[in-house]
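The values are calculated or read from the model by the stated rules, or taken from the named source; none is laboratory data. What you see is a predicted model; the values in this text were computed from it and never measured. All Cβ positions, even for glycine, are placed from backbone atoms using ideal geometry, and neighbour counts span all protein chains on display. Heads up: the accessible areas ignore ligands, DNA and RNA and are worked out on the full protein's heavy atoms, side chains in. Shrake-Rupley method; radii C 1.70, N 1.55, O 1.52, S 1.80 Å.
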Amino acid sequence: MTHVRSLDLLRALLRSLAHRDLLETAVYVVLSLGAAIAGSLAALLLVPLVQPGHVLPFGGGLLDARRSVGAQAASFAVASGAFALLRWQAARLGARLVGRYGVNLRREVHARLIDAPLAALADATSAEIANVLTHNVEILVQGFSALQQLLVVGITAAVSLGFAFWVAPPLLLAVPLLAGLGLAASRAYGREQAWVARRYVADMTQLFWHSEDFPRRLRHVRSFEREAAEKASCGAIAARLGHGYRRQLELVASGRLVLELLAMLGITSLFLLADRWRGVDRASLIAVCLLLGRLLPYLVATRQSFQQLRSAAPAFELWHRYMRLDADRPPAPAVPPQPAAGEGILHIERMRLTPPLMGLEVGELVLVPGELTLISGDSGIGKSSLVDVLAGMATPDVFVARLDHRPIAFDAYRELVRHGAYVSQNVRPWQRSVRECLRWAAPEATDAQLRSALADVGLDRRLADSPHGLDTALHSASSRLSGGELQRLLLAQVILRRPRLAVLDEATSALDAAAELAVLAMLKRRLPRTTLVVVSHRPGVAVLADQCLTIESGFPVSATGNAALRCTARRQACSA
């Protein structure tokens, strides 16, 4: 991954802002500028109060030392109040910008993941994706907040120094010194901070990987008696995270120390220069002291803001990598289509796809609404790749097909099966309750329809024993559904959706053989206008199948002369 320089990161962050956010950022800058001016005026208005009779070189109007103490105090109070109110408004606007920025980052990257081609996600781990959607965005939000703080610091420093030079023009000679000190402070420990931030993101991703699907992983770990190894591995990651976090805080503290020492050196040098330079009186020195003293709290926070901004660089690289994923298909229409009619026999004359690496060629496959097609074959031979294409989620190399004797291109076929359902063996409901899970698939369904679908898949008695009924929690220890019950729940989603094409990829693997046949037979009865494509290793499913497609290896490659082997799929009579 290429290193993101500070300016590149700044430009990338600005490009990730919406137009509304850019406008509000401009308002935020204006409010911060107003607060800086009001704060500097308040500092100058304090001079005649602490040094009665001493007049600034440009004294007059609000700064006239001959005014009464009451008038001077009132002016100071007004300026201080204006400073406090403007800073408060800027802080509120900044908080709103930061919150909305985090929301937009998550929405955009999640939308890109939802629309991404399956092939583009082949090398991505679920742990990394979880990191992109959670902790990684938090780091980016902290970086954006740090950028806001740096804007405030820059504006406040420019205004305070401008007033200081106005009070004592000879101090302009110290600009090179101040610029050099600021550059030195910004670069201290920068390289190590960038390395620590990258290592922290990588370790956090690995920790997500360790925690993924923990209950299933725990059974695997215990069966191999590898508890000690898992504890040691996770402990090592936790130790690296702890060291990285500690080092980040140490670098912040060290940077703060360097910044404070450099600030002290710079301000002391300015005071000495102003004291020895003719024409700079004591009132001006007090004004300069107050103006520059306002910068110290900002300078202390500046170092941490720079560190957070550097930490955002690797996080932004990871986020941007997923944002570069192209959409796999056009967005769904605003009005969801109605379930497809039962008419429309699809005859796939020839279809070739890769992966698998050796290629898979399918011929004479007929998909008829109301019928069940069984796909079987050895593991890793290409069944999942085939059903990805049949579900319209992957594009084949070759696709020759007819719909009711009319040629149909793959893009048209994809639209035909857009109103589909795809249930895989490893998918678990992520919703909180049974009702929420079913309504996710059919938002307009009534409670009666939900109960009817649950009865169809054999979950009605299970929920009848629960005092919460449709609101039974899916992940509560007291009401957790078994693996087979969760698969039944997902099949209830299919019934409610009434799809044109339903792909069940080992979606009944947690059921026993008799229950599997009963559920699949029920699906055929309840969905007479749905084409069912079932992937299963159990030969008994063939008794329900209208056609079987067996994927076998060992056939020679076609005319290309490639010495590799290919898989061929052939339609055959189903044995009982």
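Residues in the range 100-120 that are without any contact (Cβ under 8 Å) to a residue 60 or more places away in the chain and open to solvent by 40 Å² or more (accessible area, probe 1.4 Å): V103, R106, R107, H110, A111, I114.
Please indicate, with yes or no, whether at least one residue in the range 443-466 is under 23 Å from S126 (Cα atoms) and in a helix (DSSP H, G or I). There is no residue in the range 443-466 that is under 23 Å from S126 (Cα atoms) and in a helix (DSSP H, G or I). From the list A394, A464, A455, the lone residue that is under 27 Å from the mean Cα position of the chain (by Cα), of a type in the set (A, V, I, L, M) and open to solvent by 20 Å² or more (accessible area, probe 1.4 Å) is A394. Within the range 419-426, none of the residues are more than 18 Å from L504 (Cβ to Cβ) and surrounded by 16 or more Cβ atoms within 10 Å (Cβ to Cβ).
For the residues A228, A287, the requirement of being over 31 Å from the mean Cα position of the chain (by Cα), modelled with pLDDT of 70 or more and open to solvent by 40 Å² or more (accessible area, probe 1.4 Å) singles out A228. In the range 70-78, the count of residues that are farther than 23 Å from F163 by Cβ and either modelled with pLDDT under 75 or more than 43 Å from the chain's Cα centre (by Cα) (or both) is one or more. Taken together, the criteria place L454 among residues that are in contact with a helix residue (DSSP H, G or I) (Cβ under 7 Å, 6 or more places away or on another chain) and touching a residue at least 24 places away in the same chain (Cβ under 8 Å).
Given the structure, is Q149 in contact with a helix residue (DSSP H, G or I) (Cβ under 9 Å, 6 or more places away or on another chain), open to solvent by 60 Å² or more (accessible area, probe 1.4 Å) and either of a type outside the set (G, A, S) or within 30 Å of T395 (Cα to Cα) (or both)? Spelling it out, Q149 is indeed in contact with a helix residue (DSSP H, G or I) (Cβ under 9 Å, 6 or more places away or on another chain), open to solvent by 60 Å² or more (accessible area, probe 1.4 Å) and either of a type outside the set (G, A, S) or within 30 Å of T395 (Cα to Cα) (or both). Listed by first and then second residue, the pairs with beta-carbon distance under 6 Å, at least 6 apart or on different chains, first residue in the range 414-437 and within 24 Å of F399 (Cα to Cα), second open to solvent by 60 Å² or more (accessible area, probe 1.4 Å) and part of a helix (DSSP H, G or I), are A421/R497. Applying the condition of being in a helix (DSSP H, G or I) and open to solvent by 50 Å² or more (accessible area, probe 1.4 Å) to the range 121-145 and asking which residue is modelled with the lowest pLDDT yields S126.
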